[in-house]
1. Which number do you get for Rg(Cα) / (2.2 N^0.38 Å) in region 255-327?
2. So what is the accessible area of region 79-160 per residue, in Å², with the probe set to 1.4 Å?
3. What is the percent of Cα-Cα separations in region 308-388 that go past 14 Å?
4. As a test of the definition: which semi-axes, in Å, follow for region 295-354 when you take the square root of five times each eigenvalue of its alpha carbon gyration tensor? Largest first, please.
5. Run the reach check for K489 against lysines, Cα to Cα strictly under 29 Å, same-chain hits fewer than 8 apart removed. What comes back?
6. May I ask you to compute the full-extension gain from T496 to D176, defined as 0.36 nm times their residue separation minus their alpha-carbon distance, rounded to one decimal in nm?
7. Using a simple spin-label model with points 7 Å from Cα along the Cα→Cβ vector, what separation in nm is obtained for D329 and S307?
8. Which whole number of Å³ per residue matches the convex hull of the alpha-carbon atoms in region 451-520?
Amino acid sequence: MASALAGSAQTVRDITEIQGTLDLLRRADVNGKVLLDGSWFARADAGITADTFQLFPGWPVTENGDSERGGIPCHLDSDPDEEIVYCIGQKVHAWNVDGSCVTGWPQNVIYYPDGAPAFGDIDGDGEGEIVVSTRSSGTANSGALNAFEKDGTAVAGFPVYLSGGATKTPVLADLDNDDVLEIIVEERNYPNGYVGIYRGDGTAFPGWPQTIDYVPGSAVAVGDITGDDIPEIIAESYYSIYAFDVSGTVLSGFPFTPGNDRVFSYSSPVLADLDADGYREIIAGDHSLSSGNGAVHVLRNDGLPLSGWPKYTSYWIYGPPAVGDIDGDGSLDVAIGDQVLSGSPVSKVHVWDSQGNYLPGWPTSQIWAVNNQIILADVDGDGMTELIWDDNTGMGIYLGYNHDGTPAEGWPLHVQGSTFFMNPFVTDIDKDGILDISGGGIEIGGSTVCHIYLWRGFSSWDPAEAILPVLQYGPSHDGVYRDPEDNLKADFYADTTWICTGGQVQFTDISSGNISLWEWSFPGGTPSVSQLQHPQVTYSQAGVFDVTLIVHEGYASDTLTKTGYISVDPCTGTDCMHADAPAVYPNPSGNMLTLELPGAEGQSVVSLFDFSGRCVAGSIIDRDGSSIRHLWDVSGIPEGVYLLSIVSGDLQMHQKIMIRR
């Protein structure tokens, strides 16, 4: 190995004359510094082996622009397959399994995304939304939150302009136990740093944003670390780790500052109970500006280090730690890679047990820089965990290793461009019971180009064996490790939620876990109960109906009820045209609901129904055949989800709306 340049950081402007300046800029830390090994000047690429995984037809897809932290799988339409969502350039892309665009996508965003998209129900309508955080180029001191419905339309109240530029990936978590997810994001406006929390209507959560001591560079983690079943928000500035309660109060013992020369950049924290005492610890990686090494800290909920920690790496840490039972002994382990700009492979992946001892076979021999969170899943069907990470040779590959530190069969996977900051994910994308993998490569030159890949695996998909399948443990990115037994989760969707009397609804189960029994309940439907995985139900009477699914795995079960999920209207055939619903925005603004009504002649009857079927407000509008804007005062109507109905002759149109102040 060529000798390091005193193992120290140098500013980007000190090294702009060497090759790879654009690459260096992408590797600068939060304060614009880069760790450089002397052999970078004589950089050479190593040979690699051939792929054995097979690409899905239609992949890779290629788009102009940069991308960071990878993508997510989620359900956006009525088919059972998952869709794939990535942020590239100033667009959010969503693709079907065949590589075609999902209807309504891509969508443009304000500024540039700095992390992966997030997915979850932020407005309480029983359906997930896509959330993307952005920041301006250059200073990165301005930013916005964007939120989209599954069809690509903007969620009412968005975009939201932030106190500064958003850093990395937004996190979705339920902070007030109302079964609706809030959006938590770190923001920078140099030299100031903030943690912001926003509701699904775009308003700020009470008590937020909160100020931190310097600009941040990572995402937060959100989970209970005190044992009261109320989540805390764990955030990093460049210098410190903060633990806030939901009111914005800093917990006793925080902020934690590791030292004057130790700083945090992109290693978002992870929460896990390493010592099995019933309380989660905070696990995060840092780097030293003087010695050039990295450290993995494990903090208790009082801000003190757990015995046996921190553990040190030879070079800086940029990726979040990966926590899970890697060797199958029943206790948790911690995996992380380090990184340095080098002309030869000098970095390593490290795996320790909960007490800070290396697992047998670890660390790896010297490899190229690792900048992503390591994916933990049983990729080859042997019942043991494999580890997947990026390899920054510039040639574009993902590496796979077995739990014992040996290279896994069938790896590496090739991409065009660099896998730097392009976190892969694993899932069963087409629901055929086989594990699939997605990742991407970035080419930087005259223009930046992103290539997104989808590979078909060769082993069975078992959600219980996918410890860390997606960045920060799932599409909501809360950073919380949960026991595999907690992977049992009921979830479903319908091909339509608005029908005429006598219509049918196809329900699709998307629950996770090794499910042995499905128990459905359909009040108002035929059948009223079912044990099929994907039942079809007929609704013969008008009304608004709940749907309940209970899934069973051995002695464990999980229940999901979607309240007021199916609305059945007393209409027939094509007279009920839900797809042509009017635009509603803002929702509401100043207690006024704004309706853009399509052209029609005669009178339109506008009604607002609650989910008990009661009409809470109504209006008659005279129409002359042209489109009109109608302002409707809803100041006397309580907050909640309602059905907006517009009847113009034989035409009936309906749309769910939320009134929230």
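1. Details: Rg = 12.1 Å, N = 73, 2.2 N^0.38 = 11.2 Å.
Computed over Cα atoms of region 255-327, the ratio equals 1.08.
2. On the way: 2500 Å² over 82 residues.
Ligands and nucleic acids excluded, the result is 30 Å² per residue.
3. On the way: 1978 of 3240 pairs.
Of all Cα-Cα distances in region 308-388, 61 percent exceed 14 Å.
4. Working: eigenvalues 107, 48, 14 Å².
For region 295-354, the semi-axes come out at 23, 16, 8 Å.
5. Partners within reach: K150, K168, K431, K562, K656.
6. Gain in length upon complete extension: 112.3 nm.
7. Spacing of the two 7 Å Cα→Cβ label points: 1.6 nm.
8. Details: hull volume 12.1 nm³, N = 70.
About 173 Å³ per residue, rounded to a whole number.
The values are calculated or read from the model by the stated rules, or taken from the named source; none is laboratory data. Keep in mind the model is a prediction, meaning the values are calculated, not measured. Neighbour counts run over all protein chains shown; Cβ positions are idealised from the backbone, glycine included. Note: areas computed on protein heavy atoms with side chains; ligands, DNA, RNA excluded. Shrake-Rupley method; radii C 1.70, N 1.55, O 1.52, S 1.80 Å.
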